[in-house]
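What follows is a single structure, written as structure tokens, with notes after it.
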Amino acid sequence: MERRRELVNFIPVAMLTLIGFATVYAARSAQIDSSSLSYGLLFVGLFLAVHLLMRMAAPHADPYLLPITALLSAMGIMMIYRIDPALAAAQTRWLMAGLALFAAIVIFLRDYRKLDDYIYLLGIVGVLLLAVTIVAGKEVNGARLWMGIGGLSIQPGEFSKVLITIFLAGYLHSKRELLSTTTWHLFGLPMPALKHLGPLVTMWGMSFALLLLMNDLGTSLLFFGIFLAMTYVATGRMTYPVIGGVLFSGGAVLAYLVKATVHTRVDIWINPWIEFDGRGYQLVQSLFAIGDGGLFGTGLGKGYLLFPSGQTIIPALPTDFIFSAIAEELGLAGATALIVLYLLFCYRGFKIAVAADDGFSKLLAAGIAASFALQTFVIIGGVIKLIPLTGITLPFVSYGGSSIVANFGALALLLLISNRTNAGRVG
Amino acid sequence: MNSSIRKLFYVTVALFAGLMGMLVYLQMVDAKDLADNPHNTRKVYEQMRIQRGLILASDKTVLAQNQKQDNLYYRTYPQGDFAAQLIGYSDPTYGQTGLEHSMNDYLTGTADEVELTNFVDTLLGREQRGADVKLTIDPKVQSTAAAELDKLGKRGSVVVLDVHTGAVLAMVSSPTFDLNNFQANWQQLNSDPDAPLLNRATQGLYTPGSSFKLITTAAALESGQFTPDSKFRDDKGSIEINGNVIHNWTDVPFGEHNFAEAFSESINTTFAQVGEQLGQSKLEEYQQKFGLYQKPPLELPPDEIAASGRYVNGQLASPGDSMDPVQVAWMAIGQENVQVTPLQMAMIAQAIGNGGKEMKPYAVDSVMDYNGTVIKQASPEMWKQPIRADTAATMTQMMIKVVNEGTGLGAKTAKVQIAGKTGTAEVGGNKGPNAWFVGFAPANNPQVAIAVVVEDADERGHDSSPIARDTLLAALGLPPGQ
């Protein structure tokens, strides 16, 4: 039943994808060759293969998440292809790697709850990945997020995000009783025993250390946000978000005062115009591009994204700023559709969490859904000047191998959770 | 846990709604402002694929042309800093200003009048070209005025108008900058306290001082309460109004004199009384009649033109805003926060020289497609009629007296009779005053009108009259000097 529905959902996705690539080809036929059409076909083929795998390995999994993800990825590859065909080839390889990891998890980790036994190991690996980046990573745009391994640049933070979500799901699941027992009150907020606040303080310390050492407000905010959301789900207490919010705000204010990069980001957010050709250039150009899009956009391939030299006008266009390119070429209509897709994705994710019948699954699904919601909000909000800009990827859409692979891993977990819940219901 | 998960989803919905709200704002509400932002070079780049039209002076001297590089046309300006603020620039990084900005549709061939030719060209596979824009600027007059200001080494501005048509023959703003390499000096040009990028002629707001007495006099004569022969007496060299003392320029008492003498000697005490008698509304009525409190309709981008008038805390006041009698008296002698642009003052001179008819100023004479076919030709148009012809004639006589025996002696020349009015406006601080000369020539058959302002001028304010004289002579095709 679920798989038939998934196949039906794939039909419009496949059509949109093929039309999209054909449009890019038509608009830029002078610059690119007809291989864009084969991209479309390859793409449709890949997701059909994944669908067949699901029929065998996880027949009861949620039927909406894969089509949504396929459409997001298609939008991403289409935009990347339009910006730089060579980059799209690389992204396609990453997509295949992501789908391979996805398949491996679906096949070999069907009983994902075994992960609960290894949470400390996973948590330590997650933290180590970050630590290695801090020590040996290279600095890009002032933030230390990248690692060079062989010829590849990877962002360990993306994997770390998923590992730490798994760790938190297991940890909070075992400690939720203690954390939700009130022993005293602080300004009217019910508080657990001080010793159980340890992890919260540790997590805050870790986020803040991330901020200071990696110079990256985005990653720090993302980790802490995931932690707060999951603690809230585990305990049902506003105490954690409130105290966490206060702690994080305090840390952010302190960072603003002592860290030049954070200070710059905030200043530019407040007024990018005074430094339109300096530090504010990227954001100002992003706003110009988005404004240019209007209601229906300039049309795929017809926007003004590249200098005549082929360089992108907005630096980091295929990665952090891909949303600006989409908003320009597909307009308010397309950009809103994209946000609705993410909302649907998160909705399915939270729904899976609600439906799940054990604490670990609930927490894991909620954590993954919350991490997608937060990451999407932080990067889109940044490029449209709703909040200060922080460089993280737009899940499934931005160019970036680590992001694609890690996110497909997380998606596989969500689908496995729903498969288990639904199978239980059917069986 | 389920209720917490649901709440988490509601938070997600709220956050995403925020994203959509901001997008609606950017793409629907703010889109036009973003597109018009001078730093938005997206359109400029796109248009660099089109061979942009030339900008020419009135004698077809090329002021702006193109240089092709990597299939893009870059702008070069053969005359360098000539009329730089008026012409403006068109640069992929720094955007567009001046006529390069406001005439962009013609220069790129996207204006309706040029569109058809371009469409045909596209069909025939010819390269698209913009239309050429010919200005009314006369290089001889422009260069003379610029050189005179340079010689003095002071900041200031000169505007010269054709009395009959309102055509701008010269528009100088000093210091200026070189349109060919401003990019390299961008930071310095922007932080320079002398503001070389500012078009002082249209955006520079100056205290008019006694040159404002042209407006007071027009109001006085047309009120019927005063004639050039009206008698006045000044025994003290100062006058007290409501406990406030207004001094003459040198504190010297002028004794018995008539209104024409008060005008030519610029006697503040007399004009303060005249202003007091006329009252605020009369003074403001004539300011509006001459076009103050609105932007002169020149072809420049609106944000490069300032309205003249009374400014309070940096904001243009509205006529009728309450003023006490002392303020009215101060206004009559061109103080009390009245701020004017050189263009506005030149237009006042033009109106008086043109029998009371104030013409629409214009700097673009014609637009031609690349075949040389004129697709747009400026036609002189009256903008306002602030005063009657007989008032203009009377004022001309009074202005002749200023040049021949009054404060404007520095503009006197045997070659032609010049009519004018000077002004020396205190600016405070330890800076010298702004020196004005506003007038036209020849007085008996006016052809060209002028406004000159020199900043930080010598104490007696004599810097501007010789500049006005030599520039007017150049405009009339005569050699400079007395």
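Observations on the structure shown:
- The spacing between region A:357-394 and region B:388-415, judged by their C-alpha centroids, is 77 Å.
- Candidates A:Gly401, A:Gly45, A:Ile314 compared by Cα position along the dipole of chain A: farthest toward the positive end lies A:Gly45, with charges placed on Cβ.
- Placing unit charges on each Cβ (+1 for Lys and Arg, -1 for Asp and Glu) gives region A:2-426 a dipole about its Cα centre, and among A:Val201, A:Ile105, A:Ile326 the Cα reaching farthest toward its positive end belongs to A:Ile105.
- Positive-pole candidate from A:Ala90, A:Ile154, A:Tyr240, dipole of region A:2-426, charges at beta carbon: A:Tyr240
- With 40 Å² as the minimum drop in accessible area between chain alone and full protein complex (1.4 Å probe), the qualifying residues in region A:307-325 are A:Pro308.
- Sequence ranges B:179-185, B:463-469, B:363-369, ranked by mean other-Cβ count within 10 angstrom, highest first: B:463-469, B:363-369, B:179-185
- More than 51 Å apart - percent of Cα-Cα pairs taken over the protein assembly as shown: 40 percent
- Summary of packing: across the peptides B:265-276, A:60-71, A:103-114, A:335-346, the per-residue average of other C-beta atoms within 10 Å ranks them, highest first, as B:265-276, A:60-71, A:335-346, A:103-114.
- Calculated on alpha-carbon atoms, Rg and Dmax of region B:195-351 in Å: 15.9, 50
- Estimated distance in nm for a label pair at B:Gln225 and B:Val427, the labels positioned 7 Å out from Cα along Cα-to-Cβ: 3.3 nm
- Straight-line reach from B:Lys401: taking Cα to Cα under 16 Å and skipping same-chain neighbours fewer than 8 places apart, the aspartates and glutamates in range are B:Asp229, B:Glu261, B:Glu265.
- When the Gaussian network model of chain A links Cα atoms closer than 10 Å, the mean-square fluctuations of A:Gly205, A:Gly244, A:Gly310 top out at A:Gly310.
- If only the Cβ of Lys and Arg carry +1 and only the Cβ of Asp and Glu carry -1, the dipole of chain B around its Cα centre is close to 620 debye.
- For the protein assembly as shown, size of Cβ-based charge dipole, Lys and Arg +1, Asp and Glu -1, in debye: 4000 debye
- Region B:274-341 and region B:214-247: distance between their alpha carbon centers, rounded to Å: 19 Å
- Residues of region A:270-292 that bury at least 30 Å² of accessible area when the other protein chains are present, relative to the chain alone (probe 1.4 Å, heavy atoms, ligands and nucleic acids excluded): A:Trp273, A:Phe276, A:Asp277, A:Gln285, A:Leu287, A:Phe288, A:Ile290, A:Gly291, A:Asp292.
- Estimated Rh, region A:51-144: Kirkwood, alpha-carbon pairs, angstrom: 16.5 Å
- Surface/4 of the Cα convex hull for chain B, nm²: 30.7 nm²
- With all protein chains in place and a 1.4 Å probe, the accessible surface of chain B carries 48 percent carbon and sulfur.
- Rolling a 1.4 Å probe over the protein heavy atoms gives region B:33-98 an accessible area of 41 Å² per residue.
- Ligands, DNA and RNA left out, the 1.4 Å accessible surface of chain A is 69% carbon and sulfur atoms.
- Hits among lysines - C-alpha to C-alpha of A:Lys175 under 28 Å, sequence gap 8 or more where chains match: A:Lys114, A:Lys161, A:Lys195, A:Lys351, A:Lys362, B:Lys7
- Calculated [θ] (222 nm, deg cm²/dmol) that DSSP helices of n ≥ 4 give over chain B, each run adding -39,500 (n - 2.57): -10500 deg cm²/dmol
- Rounded Å value of the spacing that divides the Cα centres of region A:36-103 and region A:217-255: 33 Å
- With contacts taken as Cα pairs under 8 Å and at least 6 residues apart, region B:49-91 reaches a relative contact order of 30 percent.
- Dipole magnitude for chain A: about 800 debye, using +1 per Lys or Arg Cβ and -1 per Asp or Glu Cβ, origin at the Cα centre.
- Dividing the convex hull volume of the alpha-carbon atoms in chain A by its residue count gives 143 Å³ per residue.
- Residues in region A:2-426 average 37 Å² of solvent-accessible surface per residue, probe 1.4 Å, ligands and nucleic acids excluded.
- Loss of accessible area when A meets B, both sides summed, Å² nearest 100, probe 1.4 Å: 4000 Å²
- In region A:330-366, burial by the other protein chains removes 40 Å² or more of accessible area from A:Leu332, A:Ile339, A:Leu343, A:Phe350, A:Val354, A:Lys362, compared with the chain on its own (1.4 Å probe, ligands and nucleic acids ignored).
- Heavy-atom surface of region B:310-469, accessible at 1.4 Å and reported per residue (Å²): 36 Å²
The values are calculated or read from the model by the stated rules, or taken from the named source; none is laboratory data. Fair warning: this is a prediction, and the values are worked out from it, not measured in the lab. Glycine also receives a Cβ, built like all others from the backbone with ideal geometry; neighbour counts cover every protein chain displayed. Heads up: the accessible areas ignore ligands, DNA and RNA and are worked out on the full protein's heavy atoms, side chains in. Shrake-Rupley method; radii C 1.70, N 1.55, O 1.52, S 1.80 Å.
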